[in-house]
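A short reminder: the numbers here are calculations on the coordinates, not readings from a lab. Predicted model only: the values in this text are computed from it and were never measured. Quick reminder, even Gly has a Cβ in these numbers, built from the backbone with ideal geometry, and neighbours come from all protein chains shown.
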Amino acid sequence: MKTTRIITGLMLIAGMTFFYTSCKKESTPAAKPDTATAQNNFMAEAAFDNASQWSDQAMAGHTLKSTLTDTVFMGTCVLATLDLTTLPYNLVIDFGQTDCQCNDNQYRRGKIIVHFNGSYWAAGTVITYTFENYFINGNEIKGIKIVTNKGRNTANHLWWETVVSGSMIKANNGGTFTWNSTRQHEWTEGESTQFQWWDDVYLITGNAHGTNTDGKAYSINITSPLKKKLNCEWIASGVLEIQLQDQPLITLDYGNGDCDNDAVATYNGQAYTIQL
């Protein structure tokens with residue numbers, strides 16, 4: 001349920017478009033948007049999302065192997081330990097003290113620590129993620145992520161609220177990027193086949209904000225729910241807005257529900273069809 005890869009693509013396209021426009025209108029040059037902020041946002045959100053994905057199997061079935069050699073993301077150098085003897089239950093994913101190359105070709109070290117008081121599917125379950133000396137490709141991830149199963153809404157759909165208060169300390173003295181978000185994930189399709197993830201569909205609402213490595217503020221707001229089909233890499237439909245400090249607002253429309261990488265970005269009063 002990640003939207004950040006698409007946000008990054010949008011910001012890069014917007015930056016190039018703005019540069020092209022300023023070249024055509026030499027009498028009114030303007031600065032390019034801050035694409036570095038979008039890239040850092042992608043890296044931060046991806047780090048917190050991955051933590052949830054790796055622990056999902058423990059949340060769903062309360063079973064876990066002592067080593068995670070058969071998962072999509074983890075390599076053989078990762079050790080997972082699950083303790084179900086006391087509440088809250090405790091899961092530790094340990095990448096070791098030196099860089100571990102995982103199956104997604106990212107290098108990690110340190111620990112992801114997960115506390116949870118019940119099944120991922122049960123109303124009222126709270127899952128808390130924290131990090132101990134945790135690095136991804138030399139970038140240190142700090143903070144806390146809390147996922148709460150809110151039960152069923154008026155449409156009788158299960159939904160979860162995810163709150164993150166985190167930061168990323170960039171490698172090579174690259175500064176600190178803060179990332180805070182509140183999102184709601186409504187499970188609209190696929191519940192009848194609970195362990196077949198590829199037919200699941202979620203609607204995502206919420207917002208995010210923080211400061212970039214230059215200390216400037218940014219915010220991201222979903223104005224029309226994002227539809228995410230887990231069998232598709234792209235967001236199928238929905239609208240969000242991106243506001244960077246001292247930059248014009250960007251609106252991104254994902255379209256009518258097709259699984260494709262097309263979207264329409266409105267920036268500085270102009271609409272552009274883009275591929276993400």
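Tabulated values for the structure
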| item | result |
| --- | --- |
| Enumeration of residues in the range 248-276 that are among the polar types (S, T, N, Q), part of a loop (DSSP other than H, G, I, E, B) and under 23 Å from the mean Cα position of the chain (by Cα) | Asn261 |
| Subset of the range 123-175 (residues that are within 15 Å of Gly206 (Cβ to Cβ) and of a type in the set (S, T, N, Q)) | Thr148, Asn153, Thr162, Ser165 |
| Residue check, Lys216 of a type in the set (Lys, Arg), surrounded by 15 or more Cβ atoms within 10 Å (Cβ to Cβ) and over 22 Å from Ala271 (Cβ atoms) | no |
| Residue match in the range 193-206 (condition: under 23 Å from Trp160 (Cβ atoms), surrounded by 17 or more Cβ atoms within 10 Å (Cβ to Cβ), among the aromatic types (Phe, Trp, Tyr) and touching a strand residue (DSSP E or B) at 6+ places or on another chain (Cβ under 7 Å)) | yes |
| Within the range 212-227, considering residues that are in a strand (DSSP E or B) and touching an Asp or Glu at 6+ places or on another chain (Cβ under 9 Å), the one nearest to Gly190 (Cα to Cα) | Pro225 |
| Unique match (being surrounded by 15 or more Cβ atoms within 10 Å (Cβ to Cβ), basic (Lys, Arg) and closer than 12 Å to Glu45 by Cα) among Lys145, Lys170 | Lys145 |
| Ile127 vs. criteria buried (at least 16 other Cβ atoms within 10 Å of the Cβ), farther than 22 Å from Glu189 by Cβ and in contact (Cβ under 8 Å) with a residue 60 or more places away in the chain | yes |
| Residue among Asn261, Asn231, Asn221 that is within 26 Å of Ala36 (Cα to Cα) and touching a residue at least 24 places away in the same chain (Cβ under 8 Å) | Asn261 |
| Flag for Thr86 being surrounded by fewer than 15 Cβ atoms within 10 Å (Cβ to Cβ) and either on the phi > 0 side of the Ramachandran plot or out of contact with any Pro (no Cβ under 6 Å at 6 or more places or on another chain) (or both) | yes |
| Test result for Lys216, within 21 Å of Val163 (Cα to Cα) and among the basic types (Lys, Arg) | no |
| Filtered residue count, the range 229-268, keeping only those that are acidic (Asp, Glu), loosely packed, with under 15 Cβ neighbours inside 10 Å and either touching a strand residue (DSSP E or B) at 6+ places or on another chain (Cβ under 8 Å) or under 17 Å from Thr188 (Cβ atoms) (or both) | 2 |
